[in-house]
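Asks: Before we start, here is the structure in question, set down as structure tokens.
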Amino acid sequence: MALLHETHFRTVENLVFEWARAIDENRVEAICDLLAPGGRYTVQSRFNADRGLPLALIDAHSPAQLRDRIKAMRQANIYEPQHYRHLVSGVQIVAAEGLPDGVLALRSNFAVVRTMERDGEMQLFASGQCQDLVDVGGARPCFRERRLLLDSRAVETLLVIPL
């Protein structure tokens, strides 16, 4: 497993960073291309996850569902213009054994600073842990599952932009 870690660490680390950069640079649609065709993206409180409660703030079961949510964000939702800046740390490959060939389990930490466009107010908007399953066996790496567990049980305002 150590060889697998060395071979793929930079690849999976760059995948995690590209997700954050795409959102921070307002290229949110690009995150859909980072999910596998049957990939799932979930944002859930740690409180619910720890208790096996299924309720999530976002739960897209495919890139198409995520794409629809982003399209609604761009065309239908009304919210104050804002920008995110992700701080990502502690990216680790935590498992490969017991998973399908070419799939790695990752863990990383995140914090998201939200800046309101009009008045420039900044605040720590979200923090938590990413629990990812990444497929490195194909032509390009992609998330089979991207699960963000929020440290907080609540989000102050709407979670319009994906994290």
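Asks: Rounded, prolate or oblate: pick one for the range 82-158, where a ≥ b ≥ c are the square roots of the eigenvalues of its C-alpha gyration tensor, a/c under 1.5 means rounded, and failing that, prolate if a/b is larger than b/c, else oblate. Could you put the intermediate results ahead of the total?
Replies: On the way: a/c = 3.12, a/b = 2.35, b/c = 1.32.
In terms of gyration-tensor shape, prolate.
Asks: Please state the relative contact order of the range 71-163 as a whole percent: Cα pairs under 8 Å, 6+ residues apart?
Replies: Working: 170 pairs, mean separation 21.8, N = 93.
With pairs under 8 Å counted, the relative contact order is 23 percent.
Asks: Hey, what's the Kirkwood Rh for the range 1-74 if you take every pair of different alpha carbons, in angstrom? Show your work: numbers first, answer last.
Replies: Numbers: mean 1/r = 0.0713 Å⁻¹.
Across the range 1-74, the inverse of the average 1/r is 14.0 Å.
Asks: Relative contact order for the range 2-150: what percent, with Cα pairs under 8 Å and sequence separation of 6 or more? Write down the numbers at each step before the final one.
Replies: On the way: 276 pairs, mean separation 37.5, N = 149.
Relative contact order for the range 2-150 comes out at 25 percent.
Asks: Next question. Provide the convex hull volume over Cα atoms per residue for the range 35-121, in Å³. Mind dumping the intermediate values first?
Replies: Working: hull volume 12.4 nm³, N = 87.
Enclosed volume per residue, from the Cα hull, is 143 Å³.
Asks: Further question on the same structure: Out of all DSSP beta bridges in the chain, what portion is antiparallel? Express it as a percent rounded to 5. Could the numbers behind the result be given before it?
Replies: Values: 35 of 42 bridges.
Expressed as a percentage, antiparallel bridges in the chain total about 85.
Asks: When only alpha-carbon atoms are used, what values of Rg and Dmax, in angstrom, describe the chain?
Replies: According to the Cα coordinates of the chain, Rg and Dmax are 15.7, 50 Å.
Asks: A further question on this structure: Placing unit charges on C-beta atoms (Lys and Arg positive, Asp and Glu negative, everything else neutral), compute the dipole magnitude of the range 2-150 about its Cα centre in debye, rounded to 20. Present the calculation step by step, with values, prior to reporting the outcome.
Replies: On the way: 18 positive and 19 negative charges, 48 e Å.
So the magnitude is around 240 debye.
Asks: Among G137, G98, G128, which one shows the biggest mean-square fluctuation in a GNM of the chain, springs joining Cα atoms closer than 10 Å?
Replies: Judging by the Gaussian network model, the answer is G98.
Asks: Along the charge dipole of the range 2-150, which of W19, P54, G128 sits closest to the positive end, that is, farthest toward it, with unit charges on the beta carbon of Lys, Arg, Asp and Glu (+1, +1, -1, -1)?
Replies: Highest projection toward the positive end goes to P54.
Asks: Calculate one ³J(HN,Hα) per residue across the range 41-48 by plugging θ = phi - 60° into the Karplus curve 6.51 cos²θ - 1.76 cosθ + 1.60, and present them in order as whole Hz with x for glycine and proline.
Replies: For the range 41-48, the Karplus curve yields 10, 10, 10, 9, 6, 4, 3, 5 Hz.
Asks: Along the range 75-90, what does the Karplus equation 6.51 cos²θ - 1.76 cosθ + 1.60 (θ = phi - 60°) give for ³J(HN,Hα), rounded to whole Hz, x for Gly and Pro?
Replies: Along the range 75-90, the couplings run 10, 10, 6, 10, 8, 5, x, 8, 9, 10, 9, 8, 10, 10, 8, x Hz.
Every read-out reported here was derived from the displayed coordinates using simple, explicitly stated rules and does not represent laboratory data. Quick caveat: nothing in here was measured; it's all calculated off a predicted structure. Neighbour counts run over all protein chains shown; Cβ positions are idealised from the backbone, glycine included.
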